[in-house]
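A quick write-up on the structure given underneath.
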Amino acid sequence: MSAGAIVMGILGVLFLWGGTAYFLSIALRKQGFSRRTDEDGKATSS
Amino acid sequence: MRGGKFVPEARERWTWRGAFVFAVIGSAVGLGNIWRFPYLAYENGGGAFLIPYFIALVTTGVPLMILEFALGHKFGAGAPIAMRRLRESFEWVGWWATVVGFIIITYYAVVMAWTIRYMVSAATLAWGEDAGGYLFGQVLQLTDSPFTLGGIPLPVFIAFVIGWVLMYLIVRSGIKGVGRVVMISMPLPVLLLIILVLRGLTLPGAIDGINYYLEPDFAKLADPQVWLAAYGQIFFSLSLALAILIAYASYLPGDAEIVNNAFLASFVNCGISFLAGLAVFSVLGYMALEQGVDVAHVAAGGVGLAFVVFPTGLGLLPAGASLFAVLFFLLLFSAAIDSAFSLVEGVVTSVADKWNLTRSQAVTAVTLPAFLLGTLFTTGAGLYWLDIVDHFINNFGLVLVGLVECIIVGWFWGAKEVREYVNARSEIKLGPWYEFCIKYPTPLMLTLTLIWSLYKELRAPYEGYPLSALFLGGWAVVIAAPIVAYVLSKLHRREVS
């Protein structure tokens, strides 16, 4: 495989999946995903 | 709703944040991620295409997604009523997005039916050595002209009915039901894609295929068409301007996160597209090696890739060919199903909010006519009409809706108001760059995309179809959509007393 293809492959993974990991880590650190919503649309603890 | 006033507490809600994020990702990840992105990247500079693609993602994709989330969340309604609450005269724009979504679901359900049909065919590799002949002759029973409808192939029709029954049941189960379904239907294609990538990468010739996919040709970046292709792909693949995201966001609780959800969903969607390219081109590399031809000779996109080239390539696998063929069509089906029911959900929410219908009433009112209209696409001439309608509604209908939505919200409601609204409840705070993106590059790129599509259209008839067919299935549909939308916006709104 050419060096250019390897570099672009790595950059693609870094930006797209690295970006996903970054935003996921922010979500987990701050509001998280486990908050549930009750019937009135208010957030409740999980 | 009570007395015509918006009462947020009365609305159904996503049970938890993950359900909303999964639903948005599921809606965005569809057939285009698998059969459009890899070939588009290959044609437009290979690895170098990732640069305009990433820039388009950040400057248009994410900002527009945030805008639609903000609209749905703030006004707590589907696209038409959300637009109406912004300004009464804007309601038709919401209906325009809804009508475009409705048109797309009529034929998208047929493509999904093909994937169901092919899951059965894949078990025995029924296409043999002539996948093209099998698709056009046996499966679709393609006629020789768009105006010769021919018959309706029974297996495709049965698959079409199965697809619609599934969509009906899922959307009818309400937003909580959708939330439960996406917990399976969103991760499933990712898992299947990973299996196919791993299998693909271990095949001889795979590296040559990947090389074709990722070898950068930076000279291509000087070509404006490459940039338009990148912006177009981002726009088409994120479920924007289809009333879906506004509808989904309208079911969020009052204090819901918006900005990070948009970043997460957009990045996962694009990451999956990138992954799909690895799966597709590794198998194409193997196929080229087996057939003793260049990868460029077998590279394809769209229906040709999914139902002709890829099945041929999978049929050549040294072991487990039928298993991987079944997995591939299961991947296509699982990617298609949540995009399909999200389209239905967008229309159902619009209809239910306008006329205060129960969910069952709204789902029946939407699915029945969509099913009946979609039957046209299951006939022997269905592929022609599907191709024409898809081409025009995407390149003109969808882009126009996005442009108008962007101008209305960006310039009338105010990009600043959007930014302040979402920043008040989000984990990531948007800077002034957001306002700039919504007001300038996004409308500019959508306008250029529109002009470029129009120029290409006027230069030569699309795919050489008769002008009468292009007018009937293309221009007439594109022109009728805003007219129907305007009429719908003028119909009396039923309020609950």
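Here, each number is a calculation from the coordinates, and none is a lab measurement. Here the structure is a predicted model, which means the values were calculated and not measured. Using ideal geometry, Cβ is built from the backbone for each residue, glycine included, and neighbour counts are taken over all protein chains shown.
Points worth noting:
- Coupling constants for segment B:254-270 follow from the phi torsions by the Karplus curve (6.51 cos²θ - 1.76 cosθ + 1.60, θ = phi - 60°), and in residue order they are x, 9, 5, 6, 10, 5, 5, 4, 5, 4, 4, 4, 5, 5, 4, 4, 6 Hz; glycine and proline get x.
- Per-residue ellipticity at 222 nm, computed for chain B from helices alone with -39500 (n - 2.57) per DSSP H run of at least four residues, works out to -21000 deg cm²/dmol.
- Between the alpha-carbon centres of segment B:274-290 and segment B:448-497 there is a gap of 36 Å.
- For segment B:19-135, a simple Cβ point-charge model (Lys and Arg +1, Asp and Glu -1, everything else neutral) yields a dipole of about 440 debye relative to the Cα centre.
- Inter-part distance where segment B:65-113 and segment B:216-254 are each reduced to a Cα centre, Å: 16 Å
- Per residue of peptide B:270-282, the mean number of Cβ atoms on other chains within 10 Å of the residue Cβ is 3.
- Neighbour net charge for residue B:35 - beta-carbon separation under 14 angstrom, K R +1, D E -1: -2
- For segment B:464-471, the Karplus equation 6.51 cos²θ - 1.76 cosθ + 1.60, evaluated at θ = phi - 60°, returns couplings of x, 5, x, 4, 4, 5, 5, 5 Hz by residue, with Gly and Pro reported as x.
- Charge context of residue B:388, other residues only, Cβ under 14 angstrom, K/R +1, D/E -1: -4
- For segment B:312-381 versus segment B:183-203, the gap between their alpha-carbon centres in whole angstrom: 20 Å
- Over 26 Å (Cα to Cα) - which of A:30/B:74; B:220/B:429; B:74/B:439; B:74/B:429 fall in this group: B:220/B:429
- Charge tally for residue B:362 (other residues, Cβ to Cβ under 11 Å; Lys, Arg +1; Asp, Glu -1): +1.
- Basic side chains Lys and Arg get +1 at the Cβ, acidic Asp and Glu get -1 at the Cβ, and with that the dipole of chain B about its Cα centre reaches some 1760 debye.
- For the residues of A:22-32, the average number of beta carbons from a partner chain within 10 Å of their own beta carbon is 5.
- Low-density loop cleavage sites - GluC sites (Glu not before Pro) in segment B:64-132, where at most 16 other Cβ are within 10 Å (DSSP): B:129
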